[in-house]
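Colleague: Please read through the structure below; I'll follow up with questions.
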Amino acid sequence: MKKRIESVDILRGITICAMILVNTPGTWSAVYSPLLHAKWHGLTPTDLIFPFFLFIVGISIFFAYKYKNPSKDIYKKIVIRSLKLVGLGLFLNLFIPYFPFFQDFETLRFLGVLQRIGIVFFISAILYLHFNWRVLAGITISILIIYWVLLGFVLLPNGTLPTFNRAPNNWAMYIDSNILGKHMWQPDYDPEGLLSTIPSIASCLIGVLIGTLLDQLKNIKPLLLVSFVFLILGYTLNLYFPINKAIWSSSFVLTTSGWASLILAGIYYLVDLKNVKFGRIFKYVGMNAITIYFLSSFISKTFYLTKVSETENIHSFLFKNIYIQSFFSAEFSSMLYAITVVAFYVLLGYILFKKKIFIKV
């Protein structure tokens, strides 16, 4: 690669900003519907965010290890980075901003966003080091087909028919509840659960394959073609295996990869081909993506759990006294709070970039 592909950094930054935006509304009781996840089946703009990030992780893997050969040193770096991500995720789940500073282990959630990124990064990076793009494409297709067959057609151990719905006989929920028990996000399932992590690897591997395409790209036609193929396949498969983020369905992988490729193509055309000064502020966030995401999650949790009175925490105090105004709707006030939070982290990203501080996790 002759130069860094700016569109990838910009899309990464946009994705992190979107993560923060949907994670920190002023109040969860008043949120515009596009800023919420689909209740089960379906796809909202919010549902695109996490698969977009894994897609970008895949692109980053391609360029980071393009000239690397499998070695003890490379494996060590991959393992260390994966453990850092998992460790940061566990710390976020464990931490509470008051004595004894760590929550009860009996109900600790084991998995989460950073844990999934760490696991997916580890497996995808190892696969990339050992196989060419054709084999990786075969692995990706195999994951999507096998996952569909398992969740749709294989009987559960108790002999019941499987379902894609939120029910005990959903394979993803069945495995999570039987292995993780009380250590889940919800009593019956975890959106970053064990089984659904497998198809999320496919989201990352598709990113690796897109990285291969980007490395030789002269115009956006091939990328547009690929994005439309993914979208057609995803929405067609949706008729048989519903698009669903909670269980990371195969149709969800294809559809979100299609949208990610399409949006990347648009940014690539503007920034890398036409040199339009677009979205540079998001590039600053993208250069320290994990650091900014971790800080936003840590501070948000601290604000929610630190009381300023018997009835209010820092978060609710700020929202009530600054953002709730008679001339704003509840949803607008809630979104305005989230936008302010995003603006703070964009500013932080800009400061880190200008000071040439890049914290690699």
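The values are calculated or read from the model by the stated rules, or taken from the named source; none is laboratory data. Owing to the predicted nature of the structure, the values given are computational and were not obtained by experimental measurement. Using ideal geometry, Cβ is built from the backbone for each residue, glycine included, and neighbour counts are taken over all protein chains shown. Accessible surface is based on the protein model in full, side chains and every heavy atom, while ligands, DNA and RNA are left aside. Shrake-Rupley method; radii C 1.70, N 1.55, O 1.52, S 1.80 Å.
Colleague: Where the accessible area of the chain is counted over protein heavy atoms with a 1.4 Å probe, how much of it, in %, is carbon and sulfur?
Modeller: 68
Colleague: Something else: Label segment 281-326 by shape, choosing from rounded, prolate and oblate, from the square roots a ≥ b ≥ c of the eigenvalues of the Cα gyration tensor; if a/c is under 1.5 it is rounded, and otherwise prolate applies when a/b is larger than b/c, oblate when it is not.
Modeller: Taking the square roots of the gyration eigenvalues as a ≥ b ≥ c, segment 281-326 is oblate.
Colleague: Set Lys and Arg Cβ to +1 and Asp and Glu Cβ to -1, take the dipole of segment 89-209 about its Cα centre, and tell me which of ALA125, PHE101, MET173 lies farthest positive.
Modeller: ALA125
Colleague: Any chance you could list P(r) for segment 73-209, counting all Cα-Cα pairs in 5 angstrom bins from zero, rounded to whole %?
Modeller: In order of increasing distance, the bins hold 2, 10, 16, 17, 18, 15, 12, 7, 3, 1, 0 percent.
Colleague: What Kirkwood hydrodynamic radius, in Å, does segment 28-117 give when the mean of 1/r is taken over all pairs of distinct Cα atoms and then inverted?
Modeller: That comes to 16.3 Å for segment 28-117.
Colleague: Taking only protein heavy atoms into account and a 1.4 Å probe, give the accessible area per residue of segment 1-123 in Å².
Modeller: Each residue of segment 1-123 exposes 49 Å² on average to a 1.4 Å probe.
Colleague: Quote the convex hull volume per residue of the chain, based on C-alpha atoms, as a whole number of Å³.
Modeller: For the chain, the hull spanned by Cα atoms encloses 164 Å³ per residue.
Colleague: Another one. Show that you can apply the helix-only estimate: for the chain, add -39,500 (n - 2.57) for every DSSP H stretch of four or more residues, divide by all residues, and state [θ] at 222 nm to the nearest 500.
Modeller: That calculation yields -19500 deg cm²/dmol at 222 nm.
Colleague: Applying 1/(1 + (r/R0)^6) with R0 = 30 Å to the Cβ-Cβ distance of VAL135 and LYS218, what FRET efficiency is obtained, to the nearest 0.05?
Modeller: 0.75
Colleague: In segment 237-289, if every C-alpha pair distance is counted and binned at 10 Å from zero, what percent goes to each bin?
Modeller: 23, 33, 26, 18, 1
Colleague: Something else about it: Of LEU161, LEU223, LEU144, which is farthest along the charge dipole of the chain in the positive direction, counting Lys and Arg as +1 and Asp and Glu as -1 at C-beta?
Modeller: Among LEU161, LEU223, LEU144, the one farthest towards the positive end of the dipole of the chain is LEU223.
Colleague: Now for a different question. For segment 208-361, what's the radius of gyration and Dmax over Cα atoms, in angstrom?
Modeller: That works out to 20.4, 61 Å for Rg and Dmax.
Colleague: Another question, then. List the trypsin sites (Lys or Arg not before Pro) within segment 223-306 that DSSP assigns to loop and that have no more than 10 neighbouring Cβ atoms inside 10 Å.
Modeller: LYS274, LYS277
Colleague: Roughly how far apart, in whole Å, are the Cα centres of segment 262-303 and segment 330-349?
Modeller: After rounding, the separation between the Cα centres reads 15 Å.
Colleague: With charges only on Cβ, +1 for K and R and -1 for D and E, what is the dipole size of segment 7-107 about its Cα centre, in debye, rounded to 20?
Modeller: 560
Colleague: Assign unit charges at the C-beta atoms only (+1 for Lys and Arg, -1 for Asp and Glu), then state the dipole size of the chain relative to its Cα centre in Debye, rounded to the nearest 20.
Modeller: Charge dipole, the chain, about its Cα centre: 1580 debye, nearest 20.
Colleague: For the chain, build the charge dipole from Cβ charges (+1 Lys, Arg; -1 Asp, Glu) around the Cα centre, then report which of ILE351, PHE294, ILE263 sits farthest towards its positive end.
Modeller: Looking along the dipole axis, the top candidate is ILE351.
Colleague: Let me ask something else about it. Using a Gaussian network model on the chain with a 10 Å cutoff between Cα atoms, which of HIS130, HIS315, HIS41 fluctuates the most?
Modeller: Largest GNM mean-square fluctuation: HIS130.
Colleague: Work out the FRET efficiency for GLU106 and GLN186 from their Cβ-Cβ distance, taking R0 = 22 Å, and round it to the nearest 0.05.
Modeller: According to the calculation, E is roughly 0.85.
Colleague: Evaluate the Kirkwood expression for the hydrodynamic radius of segment 242-332, namely the inverse of the mean inverse distance over all pairs of different C-alpha atoms, and round to one decimal in Å.
Modeller: The Cα-based Kirkwood calculation yields 17.4 Å.
Colleague: Another one. What's the center-to-center distance, using Cα atoms, between segment 2-68 and segment 234-261 in Å?
Modeller: 16
Colleague: Taking the simple approach of a point 7 Å from Cα along Cα-to-Cβ for both ASN69 and ILE339, what is their distance in nm?
Modeller: Taking the simple label geometry, ASN69 and ILE339 are separated by 5.4 nm.
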